[in-house]
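The values are calculated or read from the model by the stated rules, or taken from the named source; none is laboratory data. None of these values were measured; they are calculated from a predicted model. Ideal geometry is used to build each Cβ from the backbone, glycine not excepted, and the neighbour counts take in all protein chains shown. These accessible areas exclude ligands, DNA and RNA; they are computed on the full protein's heavy atoms, side chains included. Shrake-Rupley method; radii C 1.70, N 1.55, O 1.52, S 1.80 Å.
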Amino acid sequence: MKKFLYATLLITPIFLFSQSYHAFRLIFEYYKDQLQIVRYEEVFCEDGNKIVFVKVPKKVTWVKFEGKYYIGTNRTLKLSPPINDLEDIFYKYLYTHKISEDFDGEITISEKLFTIKAEKKDGMIKKIIRKFNDILTEMHFVYLPSNLTFEKVLSTFQLINKSDIPLKIYNILDNFLWFSPKVLEDDLEIYAVDKNGEEVILLLSKKKGTYKINDFYLTIKKASKSTREEIENEIGNLN
């Protein structure tokens, strides 16, 4: 079985912001004040398009380019569901609340289910913090000059408009506010938050499960009644 890719993902509508930069990013995630996840990334960004090299905890590269998303562990990247990080989330909600991105200082946006705060200095974001229930996520930016252009870095990859995961799986994930996959031997456990802020846990396997989707099996380990029905309707199996 092909190994699944690990990344923290969020499904949202496509939204591009105008900033361009090269930076290293450190992402910390705390659950009930206990540090759970640390991620280290290098990012090339140009007008909202991104190339993100995740270096820790597992090497993976994802690209957002011209409205499409790609992911992989080598120089060949395959089509992916939309991948939006904390920065994309923050700019999305600036846009939603009709707040200009041209600000300096600190700004906080409060939604029904979470709050997101950013600190900006000299036109560049230094830190973004999201608080959702007992989960606190921080993203820190360190900007550095680079001799490489976005186009030069992108040219080293082959972008394939084909995915290993069935479209129905993508459509299911599109119903969530965000989700995070975790590799469990040959299976993939997906922790997600639905649109009502409730926890969802899915298991994707090539060996066994409740629902057959192409070459995969999907098991709903945890979900509210309404979310379970949405998933089953998408699968087309209401048994």
Of the residues in region 188-221, those that are free of Cβ contacts under 8 Å to residues at least 40 places away in the same chain and under 22 Å from residue 83 (Cβ atoms) number 11
Might you check whether a residue that is crowded, with 16+ Cβ neighbours inside 10 Å and not in a strand (DSSP E or B) occurs anywhere in region 105-115? yes
Sort out which residues of region 222-239 are without any contact (Cβ under 8 Å) to a residue 40 or more places away in the chain, touching a strand residue (DSSP E or B) at 6+ places or on another chain (Cβ under 6 Å) and more than 21 Å from residue 113 (Cα to Cα), and write them in order of number. 237
Please verify whether residue 102 is open to solvent by 30 Å² or more (accessible area, probe 1.4 Å) and on the phi > 0 side of the Ramachandran plot, treating the condition exactly as stated. no
Log entry, pairs with first residue in region 127-151 being free of Cβ contacts under 8 Å to residues at least 24 places away in the same chain, second being open to solvent by 30 Å² or more (accessible area, probe 1.4 Å), beta carbons closer than 6 Å, six or more apart or on different chains, reads 127/119; 127/140; 129/117; 129/138; 131/115
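So, restricting to strands (runs of 3 or more DSSP E) that lie completely within region 147-239, which ones have at least 2 residues that are β-branched (Val, Ile, Thr) and crowded, with 18+ Cβ neighbours inside 10 Å?
The strands (runs of 3 or more DSSP E) meeting that bar are 187-194.
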Would you check if residue 155 is of a type in the set (Gly, Ala, Ser) and under 22 Å from residue 63 (Cβ atoms)? yes
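Among the residues of region 37-57, write down those that are acidic (Asp, Glu) and either more than 16 Å from residue 149 (Cβ to Cβ) or not assigned by the TED database to the domain that holds residue 152 (or both).
41
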Given (1) within 22 Å of residue 60 (Cβ to Cβ); (2) surrounded by 13 or more Cβ atoms within 10 Å (Cβ to Cβ); (3) within 23 Å of the chain's Cα centre (by Cα), residue 142 misses just (2)
